[in-house]
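Reading through the structure tokens given below for one structure.
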Amino acid sequence: MHGRRSAARQWALGSRAAKFGLTRTFSWIWLPALLLVATACTGGDDEVNAKVDEGPPALVDVAAEVGLDFEHGAFRWGASPDPAAMMGTGLCWLDYNDDGWLDLFVVNSFAQVEAARWREQGGLPTTALFRNEEGTFTDVTAATGAGLPIRGAGCVAADLDLDGDTDLYVTSERVNQLLWNDGEGGFVEGAADAGVATSGWQTGAAVGDLNDDGWPDLVVAGYADTNYRNPDASEGFPDTFLGVRDLLYLSNGRGDDGAVTFREVGAEAGLEARTEKGGYEYGLGVMVLDVDGDNDLDVFVANDTNPNRLYGNVAWPGGAAADPLGLGFRFEDISASSGLDDDRAGMGVALGDYDRNEVSDFFVTNSRDQGHGVFRDVSIPEDRPSFEDDTTSFGELEAYTGWGVSWLDLDLDADLDLVVANGDIPITDLAADAMPIQAFTNVSETGARFENVSESIGLADIGRIHGRGSAAADYDNDGDVDVAVNAVAGRLILLENRGVSGNWLQVELERSLPGAVVAVTLPDGRRLVRHALAGSSYLSTEDPRVHVGLADVASVPEVTVTWPGGETTRLSDVEVNRIISVKAPD
């Protein structure tokens, strides 16, 4: 199943080398865990090559010209009062065929009142998969079996069965789906057999090994149960309906029959407690990450009209004897103590060290003209997480309704910028309720002040949309980061990043192991810290590779990968402007 990796990837690397004008192909070194000093990408005596582009970045929508022919199915014949259709859908970057180029899976939906009309015209809208062939895309939905005719919500891409191929978990308003990658270019739906075919309206999903047993687990955010009115509602939707519980699926690993299954233990693990009124909160964006640096994975959930939640992964109180299900861990709600319990209408979430203090900060998009949440990590290393409101770093943030959001180094200057997809809700008028995509560049030497460059960067040319899911990735393998945006009742947008100069490095982790932390040490001793995530933004999955802009840095003294569980791999004297692969611990 993995034999195609070597030949296909070496070919892709040769293509990248040609694109950058390098005189040799890349040399890949697979490094053992706990290696203290290693050399990455060695060979040849040519000089380090920077990107040839010059000037400030520009984001240009190239979806049509590169073959991304996708239009969201909701409200094709006009807006209707359909909450699930209005909430929109996410999208996932993944290399499903393991050829070194990121493919794109797009979740679709439709308004219930339009279902009959869709069927009359040939069938319901489906999810779509586009294969990336050296920067251009081909629709392979039918050929791969990736088309699901569902009122979808989000997706997460990860290797859930550890067979070397990326699978897809897709949430929806009704029953979630699991697309197993068969390793032969197709997908097979198997949610029921795996134990993850949840009924109800689920939204965001994220993956990580939460109990440190070597198998990826799955966290799924629950949203609203439109079958049951909330008798205590004091606000508009979603408060008008009862909430749906967040779920934790722990992997059972591979059984005697070779199949991987899961068991749901969210309540037992303390993932979500009932509110004071006896209901559940309205989860949307979700993320699995090591927020406190203790080498186990925690969970963050952005809640709509309820406080956002940060769940710390802690040892079971009383030890193994008091652990009834043998989970080995428990979640502790540390939202209030950490300062992340913002009770505005949380939608999407991004994680990044924008102030360059080696701990990562949160940006949470909100709706209802409330403004967004910017939470700067001010904790002392190895202390409990502590965040403070840093909205003032963005000056006057327009009170748009935000959804997808990404920290990314747009201009390759070694600090993080931000892109936000916006769109009003409820959608009552398709024209009047559209909003612009926004970009903010980090213009402070200390990495803590931002400037709105949406117009100068080219986003005014995109116009206003009903932006929802968005995800950043280097789709064309040219070293800068691009952004895909899924829009309700609109065409898919792919914002190609053009015109930037600066060096860069991308770190590809074997199995794209979610939860790993990558630290790139610069010649002056500063460290740029990035997290490898499976599930983030709004209902989406971004580039599984870790991208770092390096400005004019010509060589990186050290790259450190800290894996979930605490094992560490170190690489020394790493050349820039290339993608390096690092082997996960056995």
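Rolling a 1.4 angstrom probe over the protein heavy atoms with all chains in place gives region 454-543 an accessible area of 24 Å² per residue. Subtracting the Cα-Cα distance of residue 526 and residue 337 from 0.36 nm times their residue separation leaves 65.1 nm of extension gain.
In this structure residue 234 has an accessible area near 90 Å², from a 1.4 Å probe over the protein heavy atoms. Take region 467-586, drop everything but the C-alpha atoms, weight them equally and run the Debye formula without solvent; then report log10 I(q)/I(0) at 0.16 Å⁻¹ to two decimals. Log-scaled intensity ratios, in q order: -0.80.
Think of it as helices only: each DSSP H run of n ≥ 4 in the chain is worth -39500 (n - 2.57), and spread over all residues that comes to -1500 deg cm²/dmol at 222 nm. Exposed loop sites are taken as GluC sites (Glu not before Pro) in a DSSP loop (any state but H, G, I, E or B) with at most 16 other beta carbon atoms within 10 Å; the longest stretch of the chain without one runs 456-566. Approximating the spin labels as points 7 Å out from Cα along Cα→Cβ, the residue 586-to-residue 113 distance works out to 6.2 nm. Residue by residue, region 146-153 carries 3J(HN,Hα) couplings of 8, x, 10, x, 10, 7, x, 10 Hz when phi is fed to the Karplus relation 6.51 cos²θ - 1.76 cosθ + 1.60 (θ = phi - 60°); x denotes Gly or Pro. With all protein chains in place and a 1.4 Å probe, the accessible surface of region 211-267 carries 43 percent carbon and sulfur.
Region 86-143 and region 556-586 have their alpha-carbon centroids 33 Å apart.
Distance from the alpha carbon centroid of region 186-234 to that of region 385-424 works out to 27 angstrom. Counted without the sites themselves, the longest stretch of the chain free of chymotrypsin sites (Phe, Trp or Tyr not before Pro) in a DSSP loop having at most 12 other beta carbon atoms within 10 Å is 78-586.
Using 0.36 nm times the number of residues separating residue 552 and residue 212, minus their current alpha carbon distance, what extension gain do you get?
Numbers: separation 340, 0.36 × 340 = 122.40 nm, distance 3.85 nm.
In short, 118.5 nm is gained.
Solvent-accessible area of residue 372, all protein chains in place: 0 Å² (probe radius 1.4 Å, heavy atoms, ligands and nucleic acids excluded). Computed from phi, the 3J(HN,Hα) profile of region 164-172 under the Karplus parametrisation 6.51, -1.76, 1.60 (θ = phi - 60°) reads x, 10, 7, 9, 9, 10, 10, 8, 7 Hz, with x in place of Gly and Pro.
Here, the chain has an Rg and a Dmax of 22.1, 72 Å when only alpha carbons are counted. Remark: accessible surface ordering of 443, 546 (largest first) is 443, 546, probe radius 1.4 Å. Computed about the Cα centre, the dipole magnitude for region 258-399 is approximately 560 debye when only Lys and Arg (+1) and Asp and Glu (-1) carry charge, each at its Cβ. Toward the positive end of the charge dipole of the chain, with +1 on the Cβ of Lys and Arg and -1 on the Cβ of Asp and Glu, the farthest Cα among 88, 504, 547 is that of 88. Charge dipole of region 364-442 (Cα centre as origin; +1 on each Lys and Arg Cβ, -1 on each Asp and Glu Cβ, all else neutral): 280 debye, rounded to the nearest 20. Projecting the Cα atoms of 238, 262, 306 onto the charge dipole of region 229-326, computed from C-beta unit charges around the Cα centre, puts 238 farthest toward the positive end.
With +1 on each Lys and Arg Cβ and -1 on each Asp and Glu Cβ, how big is the dipole of the chain about its Cα centre, in debye rounded to the nearest 20?
Here the chain has a charge dipole of around 1060 debye.
Taking the solvent-accessible surface of protein heavy atoms with a 1.4 Å probe, what is the per residue accessible area of region 160-317 in Å²? Per-residue accessible area for region 160-317 comes out at 35 Å².
The values are calculated or read from the model by the stated rules, or taken from the named source; none is laboratory data. In this text the structure is predicted, and so the values were computed from the model without any measurement. Counting neighbours? That spans all protein chains shown, and the Cβs are built from the backbone with ideal geometry, glycine included. Please note that ligands, DNA and RNA were not included when accessible areas were found on the heavy atoms of the full protein model with its side chains. Shrake-Rupley method; radii C 1.70, N 1.55, O 1.52, S 1.80 Å.
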